[in-house]
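Before any comments, here is the structure.
Computed from the coordinates by the stated procedures, all read-outs in this text should not be read as laboratory data. Remember, it's a predicted structure, so these values are computed and weren't measured experimentally. Glycine also receives a Cβ, built like all others from the backbone with ideal geometry; neighbour counts cover every protein chain displayed.
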Amino acid sequence: MTLAAILAPLLALCVVARGMGFLPVLGGVTAVAMLVDGVASLQETAAAFVLLFSIGPVWFLSYYQQDRGQERSGPTVPFFALGLMVVLLLASARSGAPQFPAGLCVVLAGLVAVTYRQAMIWQWAGLLTCINGVMLAGVIEKQVMVVGVAALAGCVISVLGGLYVHRVMPRVAVVRASGRKDADRKSKPAETRFRGEAPLPSDPVPAFGTTRLAKEPPRAPADEEGNETDKPAPKAEDDPA
Amino acid sequence: MTVPVFLAALAFAWPLLGAVVVMSAPTVRSREVAVWMAAIGCVLALAVFLFPATGAVAAGWDDDPVQRAGRVMLAFGLLLTVLESRDMADRFLRGLPHVSTALAGLACVTPDPVVGLGILEASLAYGVFVFGRPAGQARAGWALVRTGSVGMFLVLGGLLLPGASPSAGLMMACGIVMLAGLTPFGQPWREENDTFLFLPFAGAALLLSMRLRPHGGEAFDTALVAAGLASVWLTACAGRSDDGLRLFRTFPSALALIAVGARADVAALLFLCGWCLAGGSRSGRSWAARALACFPPGAPFVGCLLLLSVMSDWSWVFTVLTVAGILCAVVRAVPAGGFGQDIWPRDTAGRVACSVLVVTGFLVPLAMMLGAF
């Protein structure tokens, strides 16, 4: 049992509590916990896959906007995961397992995240956490088939989750482009943009508002006089005629 | 290479070949081609059941007669799916039942159940890719990936724990229940197209659960029986509402899980036959509902008798609970006006399904008496 193997379940709890951001750290610690046991081909391959499945999705997500406001699950979810881990530790101690089941604790935390979190990104992080845990447990138990199946499942979950993100979430690049458009509009003269009840620049018919306001330069002094505020209304009816 | 080995290899490769042929055929002729390929696949599966590759030839590969008979049921399920479907323009959707049946059959026969789980995950991924391609289906596809992967990770976690320990058995049973799609624990499958992926997938999960029993121990058996009983009693309590009919779709797989837990493999095989031929979205038709409700003659009825005879030796309490649950579920799931008068269905698919159900119900006990199982 190493320090990395103890840190991995704690970082998995952080993924349950805070989301995708802790996944690369968890992947790094899991890879270290694998490589501490020995540097055979099984450990190296599994560590490479773990790093790929932990860093790749986070890097991919950096090109997309995060969906905020979907999450309704309470703050007790990480404690539920912690309770399940304690139950697992008690059960494995009772059945006489010699080692601390770090990988399975990580799997349990991931399963709790998948089950109880509503946001898709959080569920994706939970599934990738499960893959980290299964790979760690497979490497500790030296079961090649389990590591292989976990790698296959990791590829499937990464690709399908990435496809889902690509189809559902808006890209960050779109936001930057509209921001530039706003910046261009701000550089125009102030008189032609915001006057009175003029629509916002993002509204679909800004041209109508700007033309109407351009025809009404005397309205601004009329607004300042308190009693004559109703007068522009008939003028506005007359204007189209 | 001997003839049985060649037959076994051909039977596994045949649905994949069928998928390629069906996907490359023009849309007008695709259904006819698919029916022919599925029918030849059924004949091949039957041939593998009758002439197995035994002994040193099949070293490592599973050679259990119940598993071989289960693959015959999967092949007939594919034939029925193809007979029921219409001409489809989407090539991927056309080939999906063949691919999922091929992968389900392969998952049941691998030397290591862990590899079988990986093949099931690949099958799920392909199915989700095909289902999720149209616009607006991404979220439903993600729900399928999520639930299926959770089931697979639970089974893997149980396999990594020490064998025959209670925690390993419980985790594996929870995973198998999720993979088998047992309501209310399983997948949120949709009404349309669920037979394309769900029927072979859940059938393979049921067959895999028999092979996971040595590792799971007694806790695995008890948990499977408890989950099956919970599903049966929920079906009984839901009654004739829409919810009850939705629960009734997985009634045979609940009974099959009880049979696996009670170590009545032949009964589980008969329920699997009912699941592949009458379960899923077919359960709305009168002949299928009659078969699912364990009305004689038919494979599920014989399966019920076998299950109860085995369970009475295992535990009296569970036997009484199962009998009461089945009776309540059947009485409350029967429509208010009865099943209708059409015992013999009018369409070809229904006739094939009824014939196979009746013939299996007669032949399997006969083969059991002759010592085939």
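Report ³J(HN,Hα) in whole Hz for each residue of the range A:156-169, in order, from the Karplus equation J = 6.51 cos²θ - 1.76 cosθ + 1.60 where θ = phi - 60°; Gly and Pro get x.
Here the 3J(HN,Hα) series is 4, 5, 5, 5, 5, x, x, 4, 4, 4, 5, 7, 9, 9 Hz.
Once you average over the residues of A:121-130, how many Cβ atoms of partner chains fall within 10 Å of each Cβ?
Across A:121-130, the average partner-chain Cβ count within 10 Å equals 3.
Taking every residue in A:142-149, how many Cβ atoms of other protein chains lie within 10 Å of its Cβ, on average?
Rounded to a whole number, the mean comes out at 5.
Take the range B:3-370, compute every pairwise Cα distance, and split them into 10 Å bins from 0; I just need the percent in each bin.
Distribution as computed: 6, 26, 36, 25, 6, 0 percent.
Would you list A:59, B:287, B:314 from fewest to most Cβ contacts within 10 Å?
A:59, B:314, B:287
Whole-Hz Karplus ³J(HN,Hα) for the range A:6-22, in order, using 6.51 cos²θ - 1.76 cosθ + 1.60 and θ = phi - 60°, x for Gly and Pro?
7, 5, 4, x, 5, 5, 5, 5, 5, 4, 5, 7, 10, x, 5, x, 8
Show that you can apply the helix-only estimate: for chain B, add -39,500 (n - 2.57) for every DSSP H stretch of four or more residues, divide by all residues, and state [θ] at 222 nm to the nearest 500.
After summing the helix terms and dividing by residue count, I get -26000 deg cm²/dmol.
For each of B:63, B:265, count neighbouring Cβ atoms within 10 Å of the residue's Cβ, then give the residues from fewest to most.
Arranged by neighbour count, lowest to highest, B:63, B:265 become B:63, B:265.
Take residue B:84 and residue A:144, extend 7 Å from each Cα along the Cα→Cβ direction, and tell me the distance between the two endpoints in nm.
4.2 nm
First measure r as the distance between the Cβ atoms of residue B:315 and residue A:95, then evaluate 1/(1 + (r/R0)^6) with R0 = 25 Å and state the FRET efficiency to the nearest 0.05.
0.55
Can you compute 3J(HN,Hα) from phi for each residue in the range B:2-13, using the Karplus curve 6.51 cos²θ - 1.76 cosθ + 1.60 with θ = phi - 60°, rounded to whole Hz and x for Gly and Pro?
Working through the residues one at a time gives 7, 5, x, 5, 4, 4, 4, 5, 5, 5, 6, 7 Hz.
Can you list the residues, at least 5 places off or on another chain, whose amide H is less than 5 Å from the amide H of residue A:64, using H built in the peptide plane?
Residues meeting the criterion, in which the H sits 1.01 Å from N, are A:172.
Which residue, chosen from B:123, B:229, B:18, occupies the Cα position most advanced towards the positive end of the dipole of chain B, where the dipole is computed from +1 (Lys, Arg) and -1 (Asp, Glu) charges on Cβ about the Cα centre?
B:18
Under a Cβ-only charge scheme (Lys and Arg +1, Asp and Glu -1), can you give me the dipole magnitude of the range A:3-168 about the Cα centre, in debye to the nearest 20?
So the magnitude is around 340 debye.
Within a 10 angstrom radius of the beta carbon, how do B:36, A:124, B:344 rank from fewest other beta carbons to most?
Ascending number of Cβ neighbours within 10 Å: B:344, B:36, A:124.
What is the average number of partner chain Cβ atoms found within 10 Å of a Cβ in A:150-163?
Shielding by partners across A:150-163 averages 5.
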